[in-house]
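Working notes, structure below.
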Amino acid sequence: MEQENLMAGAAGISWDNPDVCLIRSVAEFYNPPFADGALYNSFQVMESLLWTAQRRHYGERNRGTTILLLRYPTMTAGLFDIMKFTYAFVRVAWQRGWIPVVCLDQEPNQYLAERTGAGHENMWESFFPPASRIPVAEVFESDDVIVVDGLFPQTSGRANPYQMEAFFRFASALDAKDLHEARSILRPNFATESVIEALLPAPLQRGDPVLGVISRGTDYRAEAAAARGEQPANAAADDMIAAVRAFLAQHDVRYIFLATEDEAYFQKFCTAFREKLLFIRQQRVRYDESKRDRLLAELLPVEDGRSFGRRYLAILFALGRCRWLLSSMNCGAMQGAWLYSAYGFETFRIVPPHEAS
């Protein structure tokens, strides 16, 4: 059995063109390059080879069926990253004829409603329907269960070529693709959908022509990127305001829906566009120099993860209902807008930094 499990995990590796070797730095551990000569930590390599070997026999139910149980702590990952990585694992399960079951009840997980300890709340089902017909309780009475309960894939499983292939093919390339399959897994459940509809601004509910704008700030500001030794890859608030004004000069836009977690950026947009501006109230960060080397998850503490996550999903749905979309970068909000957009956008553009200068 162990040999069969090993080969199941290793199937598909091309030894003629291997893409794994030792990693060179801490930065590459968390953000390994996905190109020729990609570098990975040797522990990650072994995990990617043996990830299907962690099989459990809990009981006699569902004999002849392999269940993939996803039960990892999600660390400080944002909700859309959790959605993408979990969907990618579900996609792998479908490809192999397994039944996926998602039970994200382990800590740390910032989207749990209450911090009551691991095992008390399935964060996934706070937002989405179950991934399959098999309930979580039944998994622990089943014959053949592959358990994925290590560190969240964003920080530990990136060397898994099967899960990552699904992630890049089906989760990152959200634009202009057939999203029916992804939406079938990532559609909100009834309780979450009810909250979303209540939070949507009236013009979006009516179907008025609205320009969606994503202006990511905080840990993606130029000064924050410089503190991490990175090049800024994000248009600042002033860049986005200039891009919006140029767009308004050419299109009949009644309203602008703004998505930003940066309080200063939000205030700039309020001043610039006043009564045209639509938004959903959310926690925002007041950025200053003392915070420039800290990530958003550290700057935006979450008390009620369920409420916070549902409000974030409402913002994605609002962006998805806009007719046009401008974004300061390729981020979770941008990808989520595409995911939940019924017909795409008449105009979509990522605004480059310093475009107006």
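Summary table below
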read-out	value
Residue in segment 247-256 that is closer than 22 Å to Asn330 by Cα and either open to solvent by less than 40 Å² (accessible area, probe 1.4 Å) or assigned to a loop (DSSP other than H, G, I, E, B) (or both) present	yes
Residue list for segment 306-332, restricted to those being open to solvent by 20 Å² or more (accessible area, probe 1.4 Å) and either under 15 Å from Leu199 (Cβ atoms) or charged (D, E, K, R) (or both)	Arg306, Ser307, Phe308, Arg310, Arg311, Tyr312, Phe317, Arg321, Arg323
Of the criteria (1) of a type in the set (A, V, I, L, M); (2) surrounded by 16 or more Cβ atoms within 10 Å (Cβ to Cβ); (3) outside any helix (DSSP H, G or I), which one Ala225 fails	(3)
Residues located in segment 179-200, provided they are over 16 Å from the mean Cα position of the chain (by Cα) and not in a helix (DSSP H, G or I)	Asn189, Leu200
Tally, over segment 94-145, of residues that are within 19 Å of the chain's Cα centre (by Cα) and small (Gly, Ala, Ser)	3
Meets criteria (modelled with pLDDT of 90 or more and closer than 17 Å to Ala237 by Cα) for Leu316	no
When residues of segment 27-66 are limited to those that are acidic (Asp, Glu) and at pLDDT below 85, the one most open to solvent (accessible area, probe 1.4 Å)	Asp36
One residue from Leu104, Leu69, Leu79 being surrounded by 15 or more Cβ atoms within 10 Å (Cβ to Cβ), under 30 Å from Leu316 (Cα atoms), in contact with a strand residue (DSSP E or B) (Cβ under 6 Å, 6 or more places away or on another chain) and at pLDDT 90 or above	Leu69
Tally, over segment 312-357, of residues that are assigned to a loop (DSSP other than H, G, I, E, B) and of a type in the set (Lys, Arg)	2
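The values are calculated or read from the model by the stated rules, or taken from the named source; none is laboratory data. Since the structure is predicted, the reported quantities are computational estimates derived from the model, not experimental observations. Ideal geometry is used to build each Cβ from the backbone, glycine not excepted, and the neighbour counts take in all protein chains shown. With ligands, DNA and RNA removed, areas are computed over all heavy atoms of the protein, side chains included. Shrake-Rupley method; radii C 1.70, N 1.55, O 1.52, S 1.80 Å.
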